[in-house]
Amino acid sequence: MKRNGQVLLTVEHITKQFGGVVAVNDVSFDVNKGEILAVIGPNGAGKTTLFNIVTGILAPSSGTVRFNGTDITGKKPYQIAQLGMTRTFQNLEVFTNMSVIENVMTGAHRNMKTSFLQAGLRVPSVKKEEKAVEEKAMRCLEKVGIAHLAYERAETLPYGNQRLLEIARAIAAEPALILLDEPMAGLNDEESRWLVEVILQLRKEGLTFVFVEHDMETVMAISDHIVVLDNGVKIGEGTPEEIYRNKAVVAAYLGEEETVC
Ligand SMILES: Nc1ncnc2c1ncn2[C@@H]1O[C@H](COP(=O)(O)OP(=O)(O)OP(=O)(O)O)[C@@H](O)[C@H]1O
């Protein structure tokens, strides 16, 4: 079903083969600006492979990815990040030997004007810019609710707060789109509820999200649109209500669960 909105990301006929395995098979879908889109599917469905193709970690065997009007197929991850797409990983990727705020500042540095030489010389303009970056990092920590931990070492944070830290670092880069790979994994109920609130608030502020998630309660609660993969093939897409009633989707989940919810 066609939905209204301005398209931000287009995945067009993406296929990825690993030897004889077709991990992603001719998958197409759009992500609209301001939308929360979930990619779901049983284990081995091709979700991570698809994420890795969209973010430039893997090149597709065929097909095209367009972001904000630019063909990004085959571009390097850092080039895609510069265009305004960031991601978090299934396994936490925080710099454990840095403070919490320094971690977030690494995300914000993408937009700094300072050259390495200027930074080394510590000229006044650099100090001013560093200060601005630190303030911005603090605002990002406030948005995810862990500003009070800014000067703690990242490794001392419990798992749930490290996940929030990753999200603060992602938003510090001022992306248009954030991809979250299983954001709810390892979180308890209270942490999951808070992360849902954070995501919904960031969406209100104009961010677009694509996320891979096994936690169906979260998927059904916050997604505007859901894409379902099974064995590399897109077997359905639609609103949570449409997915809930989609027989092919329910059948793909049988054996794992009785229904998708
Ligand atoms: N580097 C690789 N080499 C060979 N096969 C791979 C590789 N990466 C993924 N695959 C295969 O591609 C298929 C899709 O894997 P993928 O990890 O994308 O699925 P997934 O939906 O993310 O699964 P999960 O929910 O378990 O993380 C699987 O059959 C997997 O074994």
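Could you list, in sequence order, all residues of the range 61-92 that are out of contact with any Leu (no Cβ under 9 Å at 6 or more places or on another chain), more than 16 Å from Val210 (Cα to Cα) and open to solvent by less than 40 Å² (accessible area, probe 1.4 Å)?
Gly63, Thr64
Have a look at Ile226, Ile243, Ile199 and point out the one that is more than 16 Å from the ligand (Cβ to nearest atom), of a type outside the set (Asp, Glu), open to solvent by less than 60 Å² (accessible area, probe 1.4 Å) and modelled with pLDDT of 95 or more.
Just one listed residue meets the conditions, Ile199.
Quick one: would you say Ala173 is surrounded by 17 or more Cβ atoms within 10 Å (Cβ to Cβ), touching a Ser or Thr at 6+ places or on another chain (Cβ under 7 Å), on the phi < 0 side of the Ramachandran plot and of a type in the set (Gly, Ala, Ser)?
In short, yes.
Output the residues belonging to the range 28-39 that are within 14 Å of the chain's Cα centre (by Cα) and within 16 Å of the ligand (Cβ to nearest atom).
Leu37, Ala38, Val39
Under the condition of being out of contact with any strand residue (DSSP E or B) (no Cβ under 9 Å at 6 or more places or on another chain) and part of a helix (DSSP H, G or I), which residue from the range 72-84 is farthest from the ligand (Cβ to nearest atom)?
Gln82
Taking the criterion of being at pLDDT 90 or above and over 20 Å from Glu174 (Cβ atoms), would at least one residue in the range 96-107 satisfy it?
Yes, the range 96-107 has at least one match.
Working only within the range 206-223, note down all residues that are more than 16 Å from the chain's Cα centre (by Cα) and surrounded by fewer than 17 Cβ atoms within 10 Å (Cβ to Cβ).
Passing the criteria: Glu217, Ala221.
Would you kindly identify the strands (runs of 3 or more DSSP E) lying entirely within the range 1-71 that contain at least 1 residues that are of a type outside the set (Val, Ile, Thr), over 17 Å from Asp181 (Cβ atoms) and modelled with pLDDT of 95 or more?
7-18, 21-32, 62-67
What pairs can you find where one residue is in the range 53-78 and touching a residue at least 40 places away in the same chain (Cβ under 8 Å), the other is part of a helix (DSSP H, G or I) and open to solvent by 50 Å² or more (accessible area, probe 1.4 Å), and their Cβ atoms are less than 8 Å apart, with a gap of 6+ or different chains?
Thr55/Pro77
Output the residues belonging to the range 1-22 that are open to solvent by 20 Å² or more (accessible area, probe 1.4 Å), farther than 19 Å from Glu242 by Cα and of a type outside the set (Val, Ile, Thr).
Within the range 1-22, Gln6, Glu12, His13, Lys16, Gln17, Phe18, Gly19, Gly20 meet the criteria.
Just to be sure, is Ala185 open to solvent by 20 Å² or more (accessible area, probe 1.4 Å), within 29 Å of Gly44 (Cβ to Cβ) and assigned to a loop (DSSP other than H, G, I, E, B)?
Yes: the conditions hold for Ala185.
In the set Asn43, Asn25, which member is on the phi < 0 side of the Ramachandran plot, within 13 Å of the ligand (Cβ to nearest atom) and open to solvent by 70 Å² or more (accessible area, probe 1.4 Å)?
Result: Asn43 is the single residue among Asn43, Asn25 that is on the phi < 0 side of the Ramachandran plot, within 13 Å of the ligand (Cβ to nearest atom) and open to solvent by 70 Å² or more (accessible area, probe 1.4 Å).
If you scan the range 1-22, which residues turn out to be in contact with a Gly (Cβ under 7 Å, 6 or more places away or on another chain) and within 9 Å of the ligand (Cβ to nearest atom)?
Scanning the range 1-22 gives a single hit, Val22.
Name the pairs whose Cβ atoms lie under 7 Å apart, with the first residue in the range 83-104 and on the phi > 0 side of the Ramachandran plot, the second more than 16 Å from the ligand (Cβ to nearest atom), and 6 or more positions between them or separate chains?
So the pair list comes out as Gly84/Asn68; Gly84/Pro175; Gly84/Ala176; Gly84/Leu177.
Let me confirm something: among Thr48, Thr55, which residue is under 28 Å from Leu200 (Cβ atoms), among the polar types (S, T, N, Q) and open to solvent by less than 30 Å² (accessible area, probe 1.4 Å)?
Only one candidate qualifies: Thr55.
Starting from the range 139-159, keep only residues that are without any contact (Cβ under 8 Å) to a residue 40 or more places away in the chain, then list their pairs with residues that are open to solvent by 90 Å² or more (accessible area, probe 1.4 Å) whose Cβ atoms are within a distance under 9 Å, requiring at least 6 positions of separation or different chains.
Final answer for the pair search is Ala147/Arg139.
The values are calculated or read from the model by the stated rules, or taken from the named source; none is laboratory data. All of these numbers come straight from a predicted model, not from anything done at the bench. Because the Cβ atoms are built from the backbone with ideal geometry, glycine has one as well, and the counts that use them run over all protein chains shown. Each accessible area value is taken on the protein alone, full model and side chains, heavy atoms only, with ligands, DNA and RNA left out. Shrake-Rupley method; radii C 1.70, N 1.55, O 1.52, S 1.80 Å.
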